[in-house]
Amino acid sequence: MNIDYNIMLIGFMGVGKTTVSRELAKSLGMQEIDMDSYIVEHENMKIADIFSEYGEYYFRNVETDCLIEIQKRKGRIVSCGGGVVLRDENIMYMKDGGVIVLLTATPQTVYDRVKYSTERPILNGNMNVEYITELMAKRSERYEKVADLVVTTDDREVSDIVSEIIEKLKA
Ligand code: S3P
């Protein structure tokens with residue numbers, strides 16, 4: 001499969017974007033970019049430290065700048081930060097030469113996957129299923145509106161998720 005566009009993986013924290021993008025990149029022989037890692041490198045700071053020192057608004061500006069840079073090259077798999085869909089501007093950049101794949105999981109699955117993480121400032125002090133359910137409900141419409149493909153990740157092997165994405169990309 002010769003892919004000359006970017007595959008943008010989006011979805012809530014803990015749906016498996018980073019893990020899936022790594023495996024998808026291997027399967028398709030494509031280069032993979034993790035937006036959060038890109039931001040950490042660009043700012044030379046951890047995500048949690050960027051939030052605590054400069055605040056969310058600053059982080060979102062860096063996120064947009066990094067997205068613009070990343071989208072200058074095509075044929076990559078991009079694992080996007082969970083909040084990247086919050087700005088209309090970002091969606092415009094993501095759609096430009098990119099197919100958007102939404103990964104989903106239930107709030108309980110997300111909680112089970114991220115409960116010990118201290119690297120997700122949005123969930124700091126709110127690490128519980130109720131909060132995740134509320135925040136996911138607020139964001140769901142946005143995720144679904146921008147997605148070209150939707151793939152669920154609950155109780156599934158990564159290889160199975162990757163196969164489904166490839167099948168859907170071919171269709
Ligand atoms: C965020 C998700 C995180 C990271 C930041 C904000 C969000 O990425 O970009 O902590 O607002 O949902 P992951 O979805 O990779 O955890």
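The values are calculated or read from the model by the stated rules, or taken from the named source; none is laboratory data. For clarity, every value in this text was computed on a predicted model and none was experimentally measured. Every residue, glycine as well, gets a Cβ built from its backbone with ideal geometry; the counts of neighbours run over all protein chains shown. In case anyone asks, the SASA skips ligands and DNA or RNA and just uses the protein heavy atoms, side chains included. Shrake-Rupley method; radii C 1.70, N 1.55, O 1.52, S 1.80 Å.
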By residue number, the members of the stretch 43-77 that are touching an Asp or Glu at 6+ places or on another chain (Cβ under 8 Å) and either within 25 Å of Leu28 (Cβ to Cβ) or open to solvent by 80 Å² or more (accessible area, probe 1.4 Å) (or both) are Lys46, Gln71, Lys74, Gly75, Arg76, Ile77
Q) Is it the case that the stretch 42-62 has a residue that's assigned to a loop (DSSP other than H, G, I, E, B), over 13 Å from the mean Cα position of the chain (by Cα) and within 30 Å of Tyr5 (Cβ to Cβ)? A) no
Of the residues in the stretch 118-141, those that are open to solvent by less than 70 Å² (accessible area, probe 1.4 Å) and either assigned to a helix (DSSP H, G or I) or in contact (Cβ under 8 Å) with a residue 60 or more places away in the chain (or both) number 11
**Asked** Does Tyr5 count as open to solvent by 50 Å² or more (accessible area, probe 1.4 Å) and either out of contact with any helix residue (DSSP H, G or I) (no Cβ under 9 Å at 6 or more places or on another chain) or within 9 Å of the ligand (Cβ to nearest atom) (or both)?
**Response** yes
Going through the stretch 124-143 in order, the residues found to be within 23 Å of Val101 (Cβ to Cβ), within 13 Å of the ligand (Cβ to nearest atom) and not β-branched (Val, Ile, Thr) are Leu135, Met136, Lys138, Arg139, Ser140, Arg142, Tyr143
* To do: Consider Val85 carefully, then state whether it is under 24 Å from Ser52 (Cβ atoms), hydrophobic (A, V, I, L, M, F, W, C) and in a helix (DSSP H, G or I).
  => yes
Residues of the stretch 142-162 being loosely packed, with under 14 Cβ neighbours inside 10 Å, free of Cβ contacts under 8 Å to residues at least 60 places away in the same chain and either among the polar types (S, T, N, Q) or part of a helix (DSSP H, G or I) (or both), in sequence order, are Glu144, Lys145, Asp160
Scanning the stretch 1-42 residue by residue, the ones that are of a type in the set (S, T, N, Q) and free of Cβ contacts under 8 Å to residues at least 24 places away in the same chain total 2
Flagged in the stretch 88-113 as crowded, with 17+ Cβ neighbours inside 10 Å, outside any strand (DSSP E or B) and within 11 Å of the ligand (Cβ to nearest atom), in numbering order, are Val110
Residues of the stretch 9-26 being surrounded by 15 or more Cβ atoms within 10 Å (Cβ to Cβ) and more than 13 Å from the ligand (Cβ to nearest atom), in sequence order, are Glu23, Leu24, Ala25
Restricted to the stretch 31-74 and to residues being touching a Phe, Trp or Tyr at 6+ places or on another chain (Cβ under 7 Å) and more than 22 Å from Leu135 (Cβ to Cβ), the residue farthest from the ligand (Cβ to nearest atom) is Lys74
